[in-house]
Amino acid sequence: MERERTRTILVTGGCGFIGSNFIHLLMKNHPSWRVINLDKLTYAGNLQNLTGIDEGENYRFIQADICDGAAMERLFQEEQIDSVVNFAAESHVDRSITGPAAFIQTNIVGTFSLLEAARKTWLNGSWQGHEPCFLHVSTDEVYGSLGDNGLFTEMTPFDPRSPYSASKASSDHLVNAYFHTYDMPILITNCSNNYGPYQFPEKLIPLIFHNSMTGKELPIYGDGKYVRDWLYVQDHCEAIVEVLTKGTPGQSYNIGGNNEKQNLEVVTLICDTLDKKVGLPGSGEPRRNLMRFVTDRPGHDRRYAIDASFIKEQIGWEPKVSFDAGIEKTVDWYLSNQSWVNAIIDGSYREQQS
């Protein structure tokens, strides 16, 4: 049953890459919804991602930490939150290897804090007649690594291989437990690799764009044949809205892009797209010549690939953007938003986040 109604929705991590794209989508397509954007503004949270969205009756920004349980309880009660989309997470695998503590704190303890605030607010009897919903956004990395064949389904056992994926698997289990223990109205989505506007340049696609534009080497782990399924962020955000409004409480949904690519293919496509759009660099050589193979990271999963047939069958969603088209959209966005790019590179965007 569709839950398309006026709602007050808490978007955690709303100043990050996917969260900010999601808020832009909500403000455009669901103007009757009230959006509370909560973000701690760590290194990857950027208020410039939400330029053009002003504080008002239907939008409020709050700088806070989801791990602060007392603050979360006050927020749920004061704002009468009836929907949550939880993007807030530490998400970079390399950082989880060198500093796992932050991942345990944010991804597990933070999720617990939000669940408790929702449970105490929604299950005290005062929300009868409403249809609250807690949607937890997760990753396909919880499933581990695939061989040359096969796809991740909603029934694939969890087999995380990094501190990041282990922390997300833990939070997924916790969210699911609140459904079975407390009858909490929860939903979980597990998505493949996102790309598109506003992505912080620690991730592959924006890193390759920035380096190739400045003549820096393009680092590629191992043999470059690691495979990921790539999902354009706009497709992902539309899928989340569909799950939020039509999903079955207690259910998990895999969200994939149907775009399996080796890292080498991804890097080559970005280089060739830039060569076509802005011309060859000063050296006169194609940007793909900047590719350099570097030492692999520990525990690097070989292949991820999502079977997104369940969400199509149950909800009617499927991705619209092909990988080639998505890369062209992404490159065009970065080329048209050089001030955003430069602020990220020189760190000046942090001045807005005191």
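The values are calculated or read from the model by the stated rules, or taken from the named source; none is laboratory data. Since we're looking at a predicted model, the values are computed, not measured. Positions of Cβ are generated from backbone atoms using ideal geometry, with glycine treated the same way; all protein chains shown enter the neighbour counts.
At a glance:
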item: Residue in the stretch 236-244 that is more than 14 Å from V137 (Cα to Cα) and either buried (at least 19 other Cβ atoms within 10 Å of the Cβ) or among the hydroxyl-bearing types (S, T, Y) (or both) present; result: no
item: Residue in the stretch 272-286 that is surrounded by fewer than 19 Cβ atoms within 10 Å (Cβ to Cβ), within 21 Å of S165 (Cβ to Cβ) and acidic (D, E) present; result: no
item: Looking only at the stretch 276-305, and only at residues there that are charged (D, E, K, R) and in a loop (DSSP other than H, G, I, E, B), the one that is nearest to the chain's Cα centre (by Cα); result: D301
item: Selection status of S212, hydroxyl-bearing (S, T, Y) and within 18 Å of N263 (Cβ to Cβ); result: yes
item: Candidate set from the stretch 16-32 (those that are assigned to a loop (DSSP other than H, G, I, E, B) and free of Cβ contacts under 8 Å to residues at least 40 places away in the same chain); member that is farthest from the chain's Cα centre (by Cα); result: S32
item: Among the candidates A118, A102, residue that is in contact (Cβ under 8 Å) with a residue 12 or more places away in the chain, closer than 23 Å to T189 by Cα and crowded, with 20+ Cβ neighbours inside 10 Å; result: A118
item: Of all residues making up the stretch 193-212, the number that are part of a helix (DSSP H, G or I) and out of contact with any Leu (no Cβ under 7 Å at 6 or more places or on another chain); result: 6
item: Leading residue by the ranking (surrounded by the most Cβ atoms within 10 Å (Cβ to Cβ)) among those in the stretch 197-225 that are of a type in the set (F, W, Y), under 20 Å from the mean Cα position of the chain (by Cα) and on the phi < 0 side of the Ramachandran plot; result: F209
item: Filter result for G250 (modelled with pLDDT under 95, over 15 Å from the mean Cα position of the chain (by Cα) and not aromatic (F, W, Y)); result: no
item: Output for the stretch 73-108, where each listed residue is assigned to a helix (DSSP H, G or I), under 14 Å from H136 (Cα atoms) and aliphatic (A, V, I, L, M); result: I108
item: Scan of the stretch 83-136 for residues that are of a type in the set (S, T, N, Q), over 16 Å from the mean Cα position of the chain (by Cα) and at pLDDT 95 or above, ordered by number; result: S83, Q105, S113
item: Residue in the stretch 33-72 that is farthest from N337 (Cα to Cα), counting only those that are aromatic (F, W, Y) and part of a loop (DSSP other than H, G, I, E, B); result: W33
item: Yes/no for E55 being farther than 21 Å from H92 by Cβ and at pLDDT below 95; result: yes
item: Residues (within 21 Å of the chain's Cα centre (by Cα), surrounded by 12 or more Cβ atoms within 10 Å (Cβ to Cβ) and either assigned to a helix (DSSP H, G or I) or modelled with pLDDT of 95 or more (or both)) located in the stretch 323-342; result: F323, G326, I327, E328, K329, T330, V331, D332, W333, Y334, W340, V341
item: Residue identified as among the hydroxyl-bearing types (S, T, Y), touching a residue at least 24 places away in the same chain (Cβ under 8 Å) and part of a helix (DSSP H, G or I) among T268, T273; result: T273
item: Only listed residue being in a helix (DSSP H, G or I), closer than 20 Å to G299 by Cα and not polar (S, T, N, Q), chosen from K168, K225; result: K168
item: Those residues of the stretch 27-43 which are surrounded by fewer than 24 Cβ atoms within 10 Å (Cβ to Cβ) and under 22 Å from G110 (Cβ atoms), in sequence order; result: V35, I36, K40, L41, T42, Y43
item: Pairs with Cβ under 8 Å, 6+ apart, first in the stretch 173-186 and over 20 Å from P160 (Cβ atoms), second of a type in the set (D, E, K, R) and at pLDDT below 95; result: P185/E131
item: Whichever residue in the stretch 140-163 is of a type in the set (V, I, T) and either free of Cβ contacts under 8 Å to residues at least 60 places away in the same chain or at positive phi (or both) and, among such residues, is surrounded by the most Cβ atoms within 10 Å (Cβ to Cβ); result: V142
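This table checks each residue for (1) under 20 Å from L146 (Cβ atoms); (2) without any contact (Cβ under 8 Å) to a residue 40 or more places away in the chain.
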site	(1), (2)
D307	yes, no
E313	no, yes
K320	no, no
I327	no, no
Q338	no, yes
V341	no, no
I344	no, no
